[in-house]
Structure formats: structure tokens, C-alpha cells
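The values are calculated or read from the model by the stated rules, or taken from the named source; none is laboratory data. Bear in mind that the values here come from a model prediction, so they are computed numbers and not experimental data. Cβ: placed from backbone, ideal geometry, glycine included. Neighbour counts: every protein chain shown. Side chains are part of the model used for accessible areas, which takes the heavy atoms of the whole protein and leaves out ligands, DNA and RNA. Shrake-Rupley method; radii C 1.70, N 1.55, O 1.52, S 1.80 Å.
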Number of protein chains: 2
Amino acid sequence: MKKYEKVYFKYREDIINGYLKKGAQLPSIRKSCEMFKASQTTIEHAYEKLLIDGYIYSVPQIGYFVNIEEERIQLHKQFDQYSMIHKPVSYLYDFRSQTVSQDSFEVSTWKRYIKDVLDDRINMSTYGDSQGEYVLREAICQYAYKIRGVLSQPDKILIGSNYQSLLFILCGLFEKETVIAMEKEADQAQRVFESYGYEVKIINSNDGGIDVEDLKKYDVDVLYMNSASQGNKKRPISNHLREELMTYTTEHNILIIEDDYNGELTYASKHHHAMQGFSKNDNIIYCGSFSRLLLPSLRISYMVLNDQYSKIYQHFKNDYGPTASKLEQLAFSRYIVDGYLEKHLRKLKKEYKEKYIEMKKAIEEHLPYQHYLNEAYLCYCIELKDIDENRLEEKCIENKIAINPIVHHILKISFASIDTKKINQSISLLSKLIQECCL
Amino acid sequence: MKKYEKVYFKYREDIINGYLKKGAQLPSIRKSCEMFKASQTTIEHAYEKLLIDGYIYSVPQIGYFVNIEEERIQLHKQFDQYSMIHKPVSYLYDFRSQTVSQDSFEVSTWKRYIKDVLDDRINMSTYGDSQGEYVLREAICQYAYKIRGVLSQPDKILIGSNYQSLLFILCGLFEKETVIAMEKEADQAQRVFESYGYEVKIINSNDGGIDVEDLKKYDVDVLYMNSASQGNKKRPISNHLREELMTYTTEHNILIIEDDYNGELTYASKHHHAMQGFSKNDNIIYCGSFSRLLLPSLRISYMVLNDQYSKIYQHFKNDYGPTASKLEQLAFSRYIVDGYLEKHLRKLKKEYKEKYIEMKKAIEEHLPYQHYLNEAYLCYCIELKDIDENRLEEKCIENKIAINPIVHHILKISFASIDTKKINQSISLLSKLIQECCL
């Protein structure tokens, strides 16, 4: 903390804790210099910040006075408490998958784009396009073609703050008695289908991906699937299965919703394109998202409609409002056009390739269990056997190791946010804890 | 445009237009100094920006070379064209209601908060809370109580990027055969109800607001209404009607969804609280939004659930994803806690009061038609008679005046983005155009 910040927080705390009440005069700048053994500039800087933040006001020639109302004090206390309670715990190793590498994304570049857009008053003081900003749709159109082989036009792209809000819009355009087949573990999508009261059939997977024989048992209208993470082993879809599914859905007039979560982030398997570009009768609606590529706090997803639903959507377009932040949309469009997204993607692929190889080695060395890579989710799945799982979860907390909840004896360990050089020692420690929990 | 920007754009254009092809060497800095009659610092600044933006690369001791791929050139061309085509038209007077006063919002303050949040790496590199950031829910809780009399707790608040995405979530929790009564002209809400296939009954209004006798004709489960803009004259709801509606809905077990669009922005009528705080049996769900108070491009809305739906929501909470930008949520929470929102609200009320009085005077002076104020929507509604409306719309375009489409002979003219001093002359000009279109 800088010196002036120390002074600022000292007075701020005194005000919030009621030691300096409304109207009370603050020590003069000279006096504060003596008290804090600080320069005049430092104290002026601190007072300036107290002024800007509304804690004090200044009476020229006389001095500075406390300026705060009861309710705000209350709010501030809660706010500070919250920041204290919710201060992210610092872990020795974080194997959970909701965090990403904190160093991979160049925040300074992103800030520059955000700043540029904020400076554009006319754009910021008008409502956005409910379908998504045109420039961003255009940029995504080119990006999705180049990187994922997705065939689209800006008019068929729908931008939203997350893929769930886009699904809410899309599913509202379906017939009332729709039957949907889906793989398990897509909770957000399932929530939308169930909100609409659509009948949901969970389709089994085998090692190769969706079990087509299982799918054939039901008379469904829609198939929701993740093409980048198929089957028990969570691998990108094989060409064979892709052809089989496309033939079957075409013959039976089934609409496919292709969730391409992290599909562009291949670092272990060969590069493959999304299914959408291979469709022969335009029966695939494609969903893409950027939260895992950029900062997870950025909320931008998109959907490429097929011709049929694009027409229905356009009919109702004016009855929808925009969901994604216009600020983030415009900043992101410029970021893509200037080539930063592709550059960043290349960097991520390189980084994750190193990490996954390092983790593969470490697992083979330390963990004598069945395991496989879930490429799209940036993690290894370890099939635990004869382990007291609750005890393991407790032990991890004690040792400041963050892990995902163990589900069906599978422990998912993500390498996304672990330093490459520490992967071996992190797995070695995890292995030790697992051994201590053997039944 | 600054000098270095001129140099930057000149070279950028030459590259995009293919005059400087990939691999071509740029003039040396000294040569550019001569060509542009600029200082070395200026040229270096321009080259630096070309470097950062990826148009050129530098070979030490040798020079600068063009570095751009075909596709990016194509993208840039489209982007530039788009910026040209979509450059907001500059109007003499803009009477539409989707724009807000561009000067009223202190962008510099907002930028500071955005910057602070962006600097907080840990917060930005993790996913947000699907219900909305806790600090923002807490801040909104206090704000809504103080300003709107809304009774809530952070756990009952749901934050989304717009009220429609919140309605999609809420309506997904209703029974399948829900019947909804609503006032007309709420297209976004109606789209949600119809997406779900719920039966919608449009309820008539009289001058005082919702026609309760009309409502009583139907057996409905939900009443969707805007309490700040009631009846043909779009006034805040009267105490009498409020009591009548609450008694009726309580007796018949009807849930009210109260849309409080701009409810806090009273400048003509007396301050009134939202209905939610008066509810005796917790049958009101409240919706609030900030897009009209701050920059319209900011997407933050909230919903205060009642006990019943809060419990249902909590049950499914993990199956929803966050929709509002975490960046904007965190910046906004600090903005509220530091008192800026209330300060800004006071400023807006003062400004809109002056504007509406000025416009009232001007209309009475120049426009001999029935008219009334729609307070929540910041506009006057003029009931046109015997006017060639298409011709009027054309004439307005010719004269660089932006108006809303005329619907049912009503012309809505908003004073939100017109300079107070120019209101009289703007209405005078509009009056002249209207007279020229008399049938």
C-alpha cells in the first residue's frame, strides 16, 4: 500500500467507525504531515481522495470537514465486512476449473480498448442493438469461420451475455410440445428446457460419444450436444460419429443445438472444425462462448441461427432487449479486428499444451488410477477407487488445496491455473493426501 | 485529431487499401519527419501505435515493415465502412426517447470505477455469482429501500443484464397453465409470456390507470403492470387504485409483477413509493432498472423476489449463469456505496424538471393539440389531428429533426436530450412543420 493510501484508509476507517463524526474537522495538512511523518504532497493526495470519494468536504481558508450520512456509514461497514469475508482464499494449488491462468490475459491491452469505447460518448449514451452490436457480429462471423469453420452471416448471429440467455430466447421460438434429447451434465441448458416444460431425454454415451442407438429409441425434435467434449472420455467428436448423427438427424428432421464450449482451444487433439460447417441441410444451431478464452468475468456468448430460426427471430427482434454489455461488446469487436483474439488463442494453446503434458507425466508418476484428459474443460479426470472421499476433501482444505467436488468417484483436476513448474510437486502432494485416505 | 494520429491514420489507410503491402518497408522515421513536417517524437508515437495495433513490425537497426494478413484487411475495410455508415447522424433536435442527456452523466467518475475494478485481477479472473454480485445486491437493497420504499434482502435480489432476461428466469418458475393480465405496450414482457405459451389478457386502461372492472372479467394468475406510468395519461399510480388492486389481487391469489421503470425519476409529480413496500401478503415481485439513470449502454436490472419465488429460485440457483457484466456490477456497487447514484439522481431530477416545464410552456405556446406528460418516459404525448403523418415524418428528416414513429395519432416528443435553452425554438420549428402538413 502506498503511503498516501495508508493515510486515506486511516481517516476513512475513523470516519466509518464513528470516531470522526459528521461535521468534525480533520487535522490540518501540516498537522497530518507531522502525525504521519509524511510529505505535504502525500497528505494532500490522501485528502484529495477523501474529498473525491465524498468522505470530507473542504471549506477554503478554513479546513476539511467530515461529510457522511448514517446510512452510508452502515453500507460502508457492510461493504468492508463483505470484502473481508469474501476475500478470495489464497490456495497453494487451485485444481478447480472455474479459474483461469491469471497471467495469460493481457489486461493492459483490454483496458486500452475499454477506455477507447468509454471515450466514445455517442456510442455509450445510446441503447445497443438487441441482436448484438453489428460490428461485433461481423467480427465474430469472420473469426468463427476462420477458427471453427462455422458458416454464418452477421444477420444470423445473436449475441448475449451468456449462452443460457440465448437459449431462453431460442427455446421460446420452439413449438410447445418439443422433445429434447441431451447429454447429461449440461445443467444450464437443462434448466432452460425444463423451464419451458419441454420433455427432456437424457442420452447415454459410450467411449466414442453419443450412443446413437440410444438416441434412436426416442422420437425427439431437438438434440442438444457438446461436440468438443464427447463421450465418457470427453474427446472431440469423431468424423464417423459426426456423419452418423448428421445423417440420422437429417432423415428424422431433428434440429441440433451444437454447444461448442472451448472448441477452439485444442492443444492435445488434432484441430477439428465445428459440426455446423458440415451440415448439409442447415439443421444445426451453433453456440460459442468466450468466457474461458478471455477473462471469465466478461460475459459474451453468441449463437449462429439457421435460416429457419433466423427468420422467426427477425420477426420478433424488436421485442427483445440487448443482454450483453455494449461497452464490452464494442471493446471486444475492436480486440478481435485488431487480431488480439487469435494471438491470445495461440498463446493459450501453447501454454495449455505445456501444462497438460506436464500434468500427464506427473499423474503417471504419482497417481496409480485410471485417468483421461477432458480437453475442453482443461482438466484430467481421475477415477478414484477405495478412497474415503469426504476425508480427502477435508484434507485438501487443510492443506490449502482447492479441488472440485468429487462426483461419481471422479476427481477432476484442472491444470488451467497452476504454474507449469509447480505441476509435478502439486500432483505429488495430492497423491500423498489420496494415499492417506485409502480405505 | 492530434498530429501523431494523422500520421497513424495515413499509414493505416495505405496499408488497408493495399498501397503498402505485407512485407513492404515503411519510410524511415527521419524521412517521415520530412514528409509530414513533424517532430521525431510525433512520428515515433505514430509508429509505436502502428506497432501496438499490429500493422507493422520492427527489425532493429533496419526499419519498420508492414505486417498484416489478407483477412484482417478485409475486416478492417468492413469495420471502417460500418463506422462510416453507422456514424450516428447528427440531428438539430432529437425528440426520440432512446437517447439521454449526454452531459448529465459524469463519465470520468464512472471510468475511475471501471478502472479500479479492472485492476482487481482476482475478481476479474473468476466467474461471477449467478444471482448477481453480493456487494451489488446489498447496495441495491439499501438504495431501493431508501428511494423506492422497496422491502428486500440481498438474498431475494436477482441481478441481470436486462429485465427481460430476469423475466425469462422468473416465468420459467411458473406453473405451465399460467394466465397473465397485462397493460398494452410492454412488448418485451409480452414476448417472454408468449415464448412460454402463457395466455395473455390485455387489460384496458382508463384515465386513472388499470380498469379494475376489466381485470375482474378474467381468471388470471399474474398481473404485470407499470406502477410509475399508469393509465391513458401515464401518471404514477394513485393511492386509491393501488389499494383497490392490492385488495383484489390478495383476495384472488394473484401475483403482481411490478415494473417500476424510471419510478425514482419523479420531477413533475409528488414523490411516491413503489407498490411493493405496501404489500400485505407478499404477492408482489418488483423489477427495477438503471439504464435510464446512467448510460443506456450499461446493462443492469434487478428483480426483488417474494418469499415464495425466492425459495424456488434458490433451489435451482446453481443451474443459472450470471448475465450482467461482473465488471459493470462491481463498478456500479462501488458507485452506489460512495453515494454517486443518489447524487446523480438529484441532478437528473433537477434537470428534467427544468426541461419539462420549459417544454410545457413551449407546447402551450406553439402546439394547439391535446397533450400530456409521460413522466417515466420523459416525454410529452401530443394527440395529432388532421395531419398527414407520413409527410410530417419526412419533413422532420429533411429538417434534421429526429422523432419517434407516430402511433395511433400520438406523437411522443422527449425532452431528455434537448438543451433547455433550445426547447422553445425546437418546439416552434416542429409546430411550423406540423402546420405545413395539415390536411
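Computed values, structure above
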| read-out | value |
| --- | --- |
| Within chain B, longest stretch clear of exposed GluC sites (Glu not before Pro) (DSSP loop, no more than 10 other Cβ within 10 Å) | B:178-439 |
| Threshold 20 Å² - residues in the range B:276-296 whose accessible area is reduced by that much or more when the chain is no longer isolated, probe 1.4 Å | B:Leu295, B:Pro296 |
| Interface residues, the range A:125-158 - accessible area loss of 30 Å² or more versus chain alone, probe 1.4 Å | A:Ser125, A:Thr126, A:Tyr127, A:Tyr134, A:Val135, A:Glu138, A:Gln142, A:Lys146 |
| Angle in degrees between helix A:239-251 and the longest Cα principal axis of chain A, rounded to the nearest 10 | 80 degrees |
| Portion, in percent, of the accessible area of the range A:132-176 that falls on carbon or sulfur, probe 1.4 Å | 52 percent |
| Buried area at the A-B interface (accessible, heavy atoms, 1.4 Å probe, summed, Å²) | 7200 Å² |
| Candidate residues A:Tyr224, B:Tyr91: accessible-area rank, largest first, probe 1.4 Å | B:Tyr91, A:Tyr224 |
| Translational diffusion coefficient (Stokes-Einstein; Kirkwood radius from C-alpha pairs) of chain B at 37 °C, 0.692 mPa s, in µm²/s | 129 µm²/s |
| Angle between chain B longest axis and helix B:3-16 axis [Cα atoms, degrees, rounded to 10] | 90 degrees |
| The range B:247-272 versus the range A:1-64: alpha-carbon centroid distance in Å | 44 Å |
| Residue among B:Tyr134, B:Tyr369, B:Tyr11 with the largest mean-square fluctuation in a Gaussian network model of chain B, springs linking Cα atoms under 10 Å | B:Tyr11 |
| Overall form of the range A:158-236 per C-alpha gyration tensor (a/c, 1.5; a/b vs b/c) | oblate |
| Other-chain or far-sequence residues with amide H under 5 Å of A:Ile210's (modelled H) | A:Gly231 |
| Candidates B:Gln40, B:Gln131, B:Gln329, ranked by Gaussian network fluctuation over chain B, Cα under 10 Å, top entry | B:Gln40 |
| Cβ neighbours within 10 Å from other chains - mean over B:314-321 | 5 |
| Per-residue HN-Hα couplings for the range A:260-267 [Karplus 6.51, -1.76, 1.60; θ = phi - 60°; Hz; x = Gly/Pro] | 9, 3, 6, x, 6, 8, 8, 9 |
| Within the accessible area of the range B:271-388 (1.4 Å probe), percent carbon and sulfur | 48 percent |
| Shielding of A:322-331 by partner chains, average beta-carbon count, 10 Å | 6 |
| Solvent-accessible area per residue for the range A:187-335 (1.4 angstrom probe, square angstrom) | 35 Å² |
| Three-way shape label, the range B:104-150, alpha-carbon gyration tensor, a/c 1.5 | oblate |
| Cut-off under 5 Å, modelled amide H: who pairs with B:Asn374 long-range | B:Cys379, B:Tyr380, B:Cys381 |
| Note, ³J(HN,Hα) from phi for the range B:428-436, Karplus 6.51, -1.76, 1.60, rounded to Hz, x at Gly and Pro | 4, 5, 4, 4, 4, 5, 5, 4, 6 |
| Angle between chain A longest axis and helix A:70-85 axis [Cα atoms, degrees, rounded to 10] | 50 degrees |
| Whole-angstrom gap from the range A:283-333 to the range B:317-338, using each part's C-alpha centre | 19 Å |
| Copy-to-copy label separations for A:Ile202, where each label sits 7 Å from Cα toward Cβ, in nm and ascending | 4.4 |
| From phi via Karplus (6.51, -1.76, 1.60), per-residue ³J(HN,Hα) for the range B:230-236 in Hz, x at Gly/Pro | 9, x, 4, 8, 6, 9, x |
| 7 Å along Cα→Cβ, label-point gaps from B:Glu44 to other copies, nm, shortest first | 3.0 |
| Accessible area of A:Ser279 in the full protein assembly, 1.4 Å probe (Å², nearest 10) | 30 Å² |
| Cα gyration tensor category, rounded, prolate or oblate, for the protein assembly as shown with a/c compared to 1.5 | rounded |
| Highest-fluctuation residue, B:Gly23, B:Gly277, B:Gly172 considered, GNM on chain B with Cα pairs under 10 Å | B:Gly23 |
| Across the identical copies, how the A:Gln308 labels are spaced - nm, sorted shortest first, 7 Å along Cα→Cβ | 3.7 |
| Average partner coverage of A:193-200, which counts Cβ from other chains inside 10 Å | 4 |
| Largest-first principal axis extents of the Cα set of the range A:313-367 (Å) | 58, 28, 18 |
| Helix-only mean residue ellipticity at 222 nm for chain A, each DSSP H run of n ≥ 4 adding -39500 (n - 2.57), per residue, nearest 500 | -13500 deg cm²/dmol |
